[in-house]
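Taking it in order: structure first as structure tokens, then the write-up.
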Amino acid sequence: MTRGPARLAIDGGEPVRTTLLPYAHQVIDERDIEAVTAALRSDWLTTGPRVPEFEAGLTEVTGARHAVAFSSGTAALHGAAAVAGLGPGDEAITTPMTFVASANAVLYTGATPRFADVDPGSLLIDLGAVAAAITRRTRAIIPVDYAGQPADYTALRAIADAAPGGPLTIIADASHSLGATFDRRQVGTLADMTVLSLHPAKIMTTGEGGAVLTADDDLAAALRRFRNHGIETELAARRDWTYAMVELGYNYRLTDVAAALGGAQLERLEEWLARRRALAASYLERLTGNPALELPKVDERADPAWHFMFVRLRLDRLTVDRGAVFHALRAEGIGVNVHYIPVHRHPYYRARFPGLYFPVAEAAYERLLTLPLHAGMSDADLDDVVAAIDKVTTAYATSS
């Protein structure tokens, strides 16, 4: 007698896991705790000597000439948009398939974000859509390295250089892609400015934090002023009580405590990248045969950092929608998520920029699921994810 599909946990069956496996999680060990404790016992809690040490570490691992640390990835995006010269009347092109901060940073400067749809395979910004979105008001392009795969910065540079009034500034939102490469060039060396997020869900963390990488001395100096109230000198460079605020800036400084954590984390970056890549390769191999899933397309020139793994459901092969699959997987102990609600679909953007529609991003969103992927995951954890996906998609498969 043929047995039917296993009873789903959401219907009262036995779950694959009894504890939830989150989609993302920081890795913290005694080295991190010791580094932070040493900072707490030092003379510096706010910005002090550990911040430039951490910045030097970032330049070493990325190949960037300068790294300017910020209090968050959002603050770093704001800083990059501001020193790129964006202001009222200007436009910057970005993707709708991102967290809202990528577009919000443009609004913070008084400029207007223009969205370009995404490639249907990778969900990276579509090159043709970027070229079509350029106007005489365009000043910058802000691609997002979705899921950790770098955008095609070679092609984007050609588009930026050929634009009316160009060359345009390229600001890479590399919040997902620290450690990735494209054409054997490291993230941090591919754009005019590269923004990192150091949130706990990302490749490594400072608790909260961010950074901007650049090869341009003037941009680096402007970023340092911007994060420090517009003051032209860093504290360590002062010889008396005097200082000069030369432009309007913000308090976006990273603390020494956060930098201490970041410095300790940097020491294991390569190890964590290798683990993320191994997990991603296993996902791609083991999920390839699932008829209910569409897997991400990876450019052969790219070596992604794999911030997360995403799949798209083939809803024509399922009897339920994405929401039902999401909740069923959660019930099985798998902390799936969705990245992202397209920016233009949020209420604020609907009200301010009505009528926007990007068919590829819209269609992808309706089918997207983010799967757990982080450096602390074990092989057994991944086995659980694959088992739960197989269980749920089999239970909800169409009969044809």
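The values are calculated or read from the model by the stated rules, or taken from the named source; none is laboratory data. Note that the structure is a prediction, hence the values are computed from the model and not measured. Neighbour counts run over all protein chains shown; Cβ positions are idealised from the backbone, glycine included. Areas reflect the complete protein model, heavy atoms only, side chains present, ligands, DNA and RNA absent. Shrake-Rupley method; radii C 1.70, N 1.55, O 1.52, S 1.80 Å.
When the criteria are applied in full, Leu254 meets the requirement of being in a loop (DSSP other than H, G, I, E, B) and either farther than 17 Å from Gly48 by Cα or at pLDDT 95 or above (or both).
Restricting the stretch 101-121 to residues that are part of a loop (DSSP other than H, G, I, E, B) and of a type in the set (Gly, Ala, Ser), which is farthest from Ala147 (Cα to Cα)?
Gly110
Would you check if there is a residue in the stretch 383-398 being touching a residue at least 60 places away in the same chain (Cβ under 8 Å) and part of a loop (DSSP other than H, G, I, E, B)?
yes
In the stretch 310-363, of all residues being within 20 Å of the chain's Cα centre (by Cα) and among the basic types (Lys, Arg), the one that is least open to solvent (accessible area, probe 1.4 Å) corresponds to Arg312. Within the set Glu270, Glu247, Glu208, the sole residue that is under 16 Å from the mean Cα position of the chain (by Cα) and charged (D, E, K, R) turns out to be Glu208. One residue stands out in the stretch 204-227 among those that are outside any loop (DSSP other than H, G, I, E, B) and without any contact (Cβ under 8 Å) to a residue 60 or more places away in the chain: the one that is nearest to Gly57 (Cα to Cα), namely Ala221. Considering the stretch 8-51, and only residues there that are basic (Lys, Arg) and either closer than 18 Å to Asp381 by Cβ or free of Cβ contacts under 8 Å to residues at least 12 places away in the same chain (or both), the residue that is most open to solvent (accessible area, probe 1.4 Å) turns out to be Arg41.
The rows are residues; the columns are (1) surrounded by 24 or more Cβ atoms within 10 Å (Cβ to Cβ); (2) among the charged types (D, E, K, R); (3) farther than 30 Å from Ala35 by Cα; (4) under 12 Å from the mean Cα position of the chain (by Cα).
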site: Asp152; (1), (2), (3), (4): no, yes, yes, no
site: Ile170; (1), (2), (3), (4): no, no, yes, no
site: Ser177; (1), (2), (3), (4): yes, no, no, yes
site: Phe182; (1), (2), (3), (4): no, no, yes, no
site: Leu213; (1), (2), (3), (4): yes, no, no, no
site: Leu219; (1), (2), (3), (4): no, no, yes, no
